[in-house]
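Novice: Sharing a structure below in structure tokens format, with a few things to ask.
The values are calculated or read from the model by the stated rules, or taken from the named source; none is laboratory data. Predicted model only: the values in this text are computed from it and were never measured. When we count neighbours, we look across all protein chains shown, and the Cβ atoms used for this are built from the backbone with ideal geometry, even at glycine.
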Amino acid sequence: MTETISIRDRQRLQLAPLTVPNRLLLGPGPSNAHPTVLQAMSTAPLGHLDPVFLGIMDEIQSLLRYVWQTDNPMTIAISGTGSAAMEATIANSVESGDVVLVGVMGYFGHRLVDMAGRYGADVRTITKPWGQVFSLAELRTAMETHRPAILALVHAETSTGARQPLEGVGELCREFGCLLLVDTVTSLGGVPIFLDEWGVDLAYSCSQKGLGCSPGASPFTMSPRAMEKLQNRKTKVANWYLDAGLLGKYWGSDRVYHHTAPINLYYGLREALRLVAEEGLAACWQRHQKNVEYLWQRLEDVGLSLHVDREFRLPTLTTVCVPDGVDAKAIARTLLLEHNIEIGGGLGELAGKVWRVGLMGYNSRPENVDRLVDAFKQVLG
Ligand SMILES: Cc1ncc(COP(=O)(O)O)c(C=O)c1O
């Protein structure tokens, strides 16, 4: 047999084994994975129908119910990033013509609008300036106007650093016979969440932020009310890969092949969730809150101000105002290249106006706050 690529190409392809810089990931995600999570991910793969692997999937389901504080039987990981789990909630709950009301207070609200529209929803929006959140009274007024089948909100808006309060929203949705869909991508593991108590019907998250795993295995859950809507659909779920009915047969009692699970990512997710359970969920939330308050204090001490009102700030993601005349991108680049620290820039309306600093999962530690603020001081002069 003869090779069809040229010798020159082959030489170009003879690379050294992979090495990457050791960065401290303090941006909007991913955050650094815990060392034992990385270790778990380098364990030899099992087959995706091996009884031992199926047992690991069961453990993931139980642990996800714990971190989300839900009893939903349909609680699984989607093989894909947070956006895949986001699309799973929309694909399974929306039928063509359904009114979907989206609370847009940042970049990810717009993504929900885009996705719901692609599944044929009659999308309505309410908006807030980036950095603010909706009051219950504002949500009630919007429900009266739009009478939606689904209300979609982002619990932790990563583009702004604001936390949308959810107390009372589930009751409001029940009063209007509507499902409540919530994005918990930047809250799970770091911000108190009580899915069942708050009456959340559909939620999704990711593995690479508060849980401290690598991206690619994303939590997804549906309440019995959301399952009922799924079962009563007149049309098939338009997305085969994300169809909760089909996925349920792999994760549930049938245990039949649907897709080849990313085995090693599931190992990592299981370890990341185990670590949260070992620490205790409430203790984990408290650690995030304590360390972020230390971050806020230290940033303010060096003369920086924060974008969101204290009451609605996220423990996982802080938006720091860029001082006048400072080139936000250049500072972030120097932090990365000279200090090995990644932070995020502003998105959309906040581009160039804020930096986004994440303290999530394993990274939420005081020594990381010190390292970042000391570097910031140096770089800002
Ligand atoms: C609030 C929110 N929703 C959805 C996503 C999408 O997740 P992913 O990038 O893992 O696809 C993100 C990503 O940062 C996010 O912050």
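Novice: Can you find a residue in region 155-177 that is among the charged types (D, E, K, R), within 24 Å of E87 (Cβ to Cβ) and within 16 Å of the ligand (Cβ to nearest atom)?
Specialist: Yes, some residue in region 155-177 is among the charged types (D, E, K, R), within 24 Å of E87 (Cβ to Cβ) and within 16 Å of the ligand (Cβ to nearest atom).
Novice: Is it the case, given these coordinates, that A142 is away from the ligand (no atom under 16 Å from the Cβ), of a type in the set (A, V, I, L, M, F, W, C), without any contact (Cβ under 8 Å) to a residue 12 or more places away in the chain and not in a loop (DSSP other than H, G, I, E, B)?
Specialist: No.
Novice: Quick check on A33: is it among the small types (G, A, S) and touching a Cys at 6+ places or on another chain (Cβ under 7 Å)?
Specialist: Taking the combined requirement at face value, the residue satisfies it.
Novice: Could you figure out which of (1) within 15 Å of the ligand (Cβ to nearest atom); (2) among the aliphatic types (A, V, I, L, M); (3) closer than 29 Å to L265 by Cα; (4) buried (at least 23 other Cβ atoms within 10 Å of the Cβ) isn't true of A84?
Specialist: (4)
Novice: Filter region 259-274 for residues that are under 15 Å from G190 (Cα atoms) and either surrounded by fewer than 19 Cβ atoms within 10 Å (Cβ to Cβ) or of a type in the set (G, A, S) (or both) and give the result.
Specialist: A272, R274
Novice: Could you check region 69-81 and list, in sequence order, the residues that are under 18 Å from the mean Cα position of the chain (by Cα), more than 12 Å from the ligand (Cβ to nearest atom) and either crowded, with 24+ Cβ neighbours inside 10 Å or not in a loop (DSSP other than H, G, I, E, B) (or both)?
Specialist: T75, I76, A77, S79, listed by residue number.
Novice: For the list (1) touching a residue at least 60 places away in the same chain (Cβ under 8 Å); (2) surrounded by 10 or more Cβ atoms within 10 Å (Cβ to Cβ), I need the number of the one condition that P21 fails.
Specialist: Unmet for P21, out of (1) touching a residue at least 60 places away in the same chain (Cβ under 8 Å); (2) surrounded by 10 or more Cβ atoms within 10 Å (Cβ to Cβ): (2).
Novice: Restricting attention to region 360-377, does a residue exist that is surrounded by fewer than 21 Cβ atoms within 10 Å (Cβ to Cβ), under 23 Å from Y107 (Cβ atoms) and free of Cβ contacts under 8 Å to residues at least 40 places away in the same chain?
Specialist: No, region 360-377 contains no residue that is surrounded by fewer than 21 Cβ atoms within 10 Å (Cβ to Cβ), under 23 Å from Y107 (Cβ atoms) and free of Cβ contacts under 8 Å to residues at least 40 places away in the same chain.
Novice: Right, another one. Which residue out of L242, L269 is assigned by TED's automatic domain parsing to the domain that holds A152 and more than 25 Å from A44 (Cβ to Cβ)?
Specialist: L242
Novice: Consider R287 against the criteria (1) exposed (fewer than 15 other Cβ atoms within 10 Å of the Cβ); (2) in a helix (DSSP H, G or I): it satisfies all of them except one. Which criterion is unmet?
Specialist: If we test R287 against (1) exposed (fewer than 15 other Cβ atoms within 10 Å of the Cβ); (2) in a helix (DSSP H, G or I), just (1) comes out false.
Novice: Now a separate question. Would you call Q61 in contact with a strand residue (DSSP E or B) (Cβ under 6 Å, 6 or more places away or on another chain), away from the ligand (no atom under 16 Å from the Cβ), under 30 Å from V185 (Cβ atoms) and in a helix (DSSP H, G or I)?
Specialist: Yes: the conditions hold for Q61.
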